[in-house]
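The values are calculated or read from the model by the stated rules, or taken from the named source; none is laboratory data. Computed from a prediction, not measured in an experiment: that's the story for all the values here. Please note: Cβ atoms are built from the backbone with ideal geometry, for glycine as well, and neighbour counts cover all protein chains shown.
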Amino acid sequence: MLYIPGRIPIIIHPAFWIFSALIGYVNSLSLTGTLVWIAVIFISVLFHEFGHALTAFCFKQKPRIELVALGGLTYHKGKRLKFGKQFLIVFNGPFFGFILFGIATFFLQYPSLVQGNLGLILRLLQGVNLFWTICNLLPVFPLDGGQLLRIILEAVWGVKGIKYSLIISIVIALLCSLLFFLIQGFFIGSLLFLLAFQSYDTYRKSRAMSSSDRNQKLHGLMEKIEATTDKKAAMDLCEKVRIQAKNGMIFNQATEYLAFLCLEQELYKQVYDLLLPIQKEISNEALCLLHKAAFDQKDFSFVTQIGAQCFQSKPHPDIAIRNACASAALHEPIAAVGWLKTAVDEGVINIESMLTKSIFDPIREDPLFQELLRVLSKEN
């Protein structure tokens with residue numbers, strides 16, 4: 001990863017160069033052509049992101065540019081901006097793309113510049129920036145067009161506007177994806193289909209949003225929580241945010257933070273009571289924490305209910321063991337033995353001593369469990 005410091009720091013991930021090289025080789029089938037494509041993509045993406053970053057910098061934000069596999073991202077920190085300024089920050093990315101298109105078009109009018117690699121670079125700059133800027137203005141999240149639509153609708157309808165913009169994003173992305181598939185543009189079609197899925201996933205999460213999520217005082221309290229080293233003070237602030245927010249994503253964020261603070265004190269009952277009511281809205285990390293707390297509270301049915309999802313997000317042997325124990329307690333030998341085998345595959349040590357625990361008594365005489373014991377004894 002390449003880091004370029006400055007007032008607008010730039011981070012270039014290795015995946016950016018790899019993906020650019022793949023696009024270049026597919027389109028040119030030559031080393032020279034590949035290098036030209038890499039240069040064009042680098043110039044175009046960086047110029048586009050500078051449109052966002054410079055505008056944010058003018059509004060006294062602290063921007064940062066990252067070049068990743070599928071393009072670039074511009075982050076900025078600072079006070080929450082009014083919708084008009086947010087709109088300009090997003091809009092100036094595509095606007096800079098049109099400027100680069102115009103520059104390339106201007107120089108292509110001179111015959112002396114259209115020959116050799118320089119001419120190839122100018123023609124590619126012209127085509128790439130026109131095509132990408134138009135595509136980027138589609139009202140599809142997280143493209144700039146989707147962000148612009150979100151800002152407009154949020155300014156009109158508040159939190160509901162964000163949800164409306166995501167619904168529009170899903171529909172437009174699916175229709176455009178189908179169109180590209182019909183004209184055999186499989187790469188763009190696949191990318192748009194992924195964006196449709198991403199929009200749906202964001203919409204699913206946004207259903208927990210409420211007006212409290214736009215409350216700057218609550219966000220300020222969350223920043224204090226993350227900055228303090230006094231755990232008691234952090235817990236009190238989390239409770240304050242929860243009381244004032246009552247619901248929404250910031251309520252869930254404060255609840256998760258409080259649950260992890262309770263975990264450090266091994267207060268599993270509190271963790272269980274905090275996370276269970278919002279189980280469908282929490283992060284995967286918090287869900288794994290709830291899995292652990294539910295096992296401690298002997299809610300074995302719930303442990304098995306979320307066990308597969310937890311293991312998929314975090315394939316750790318402890319999760320597999322908890323799933324196995326819960327399944328055994330519920331007289332489910334097939335699931336219990338399956339999770340025990342998974343735990344062995346994940347590297348659990350001394351599992352034989354663990355299998356002597358009373359929690360496995362309900363399935364101890366089951367043929368599947370007995371067969372597992374024989375296999376383990378032979379291996380040792």
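At-a-glance table
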{"item": "Residue check for Leu274: modelled with pLDDT of 90 or more and assigned by TED's automatic domain parsing to the domain that holds Gly248", "result": "yes"}
{"item": "Test result for Lys292, of a type in the set (Lys, Arg) and under 30 Å from Gly220 (Cα atoms)", "result": "no"}
{"item": "Subset of the stretch 129-159 (residues that are of a type in the set (D, E, K, R) and either modelled with pLDDT under 90 or within 18 Å of Leu46 (Cβ to Cβ) (or both))", "result": "Asp144, Glu154"}
{"item": "Scan of the stretch 174-222 for residues that are surrounded by fewer than 18 Cβ atoms within 10 Å (Cβ to Cβ) and not in a helix (DSSP H, G or I), ordered by number", "result": "Ile183, Gln184, Gly185, Arg207, Ala208, Ser210, Asn215"}
{"item": "Where a residue in the stretch 84-111 is without any contact (Cβ under 8 Å) to a residue 40 or more places away in the chain and its partner, wherever it lies, is of a type in the set (Ser, Thr, Tyr) and surrounded by 21 or more Cβ atoms within 10 Å (Cβ to Cβ), with Cβ under 7 Å and at least six apart", "result": "Leu88/Thr55; Ile89/Thr55; Phe98/Thr133; Phe101/Thr133"}
{"item": "Matching residues, the stretch 255-286, being over 19 Å from the mean Cα position of the chain (by Cα), aliphatic (A, V, I, L, M) and part of a helix (DSSP H, G or I)", "result": "Leu258, Ala259, Leu261, Leu263, Val271, Leu274, Leu275, Leu276, Ile278"}
{"item": "Residue among Ser353, Ser301 that alone is among the hydroxyl-bearing types (Ser, Thr, Tyr) and farther than 27 Å from Tyr272 by Cβ", "result": "Ser353"}
{"item": "Conditions (1) crowded, with 19+ Cβ neighbours inside 10 Å; (2) on the phi > 0 side of the Ramachandran plot; number of the one not met by Gly158", "result": "(1)"}
{"item": "Some residue of the stretch 115-136 being of a type in the set (S, T, N, Q), touching an Asp or Glu at 6+ places or on another chain (Cβ under 8 Å) and in a helix (DSSP H, G or I)", "result": "yes"}
{"item": "Entirely in the stretch 305-376, the helices (runs of 4 or more DSSP H) that have 2 or more residues that are in contact with a Ser or Thr (Cβ under 6 Å, 6 or more places away or on another chain)", "result": "317-329, 333-345"}
{"item": "Qualifying positions in the stretch 315-359 - at pLDDT 90 or above and in contact with a Pro (Cβ under 7 Å, 6 or more places away or on another chain)", "result": "Ala328, Ala329, His331"}
{"item": "Top-ranked residue of the stretch 260-271 - restricted to ones that are of a type outside the set (S, T, N, Q) and out of contact with any Phe, Trp or Tyr (no Cβ under 9 Å at 6 or more places or on another chain), ranked as surrounded by the fewest Cβ atoms within 10 Å (Cβ to Cβ)", "result": "Glu264"}
{"item": "Count of the stretch 146-173 residues which are more than 19 Å from Thr133 (Cα to Cα) and either within 21 Å of the chain's Cα centre (by Cα) or part of a helix (DSSP H, G or I) (or both)", "result": "18"}
{"item": "Checking Gly84 against (1) surrounded by fewer than 20 Cβ atoms within 10 Å (Cβ to Cβ); (2) of a type in the set (Gly, Ala, Ser); (3) closer than 23 Å to Leu22 by Cα, the condition it does not meet", "result": "(3)"}
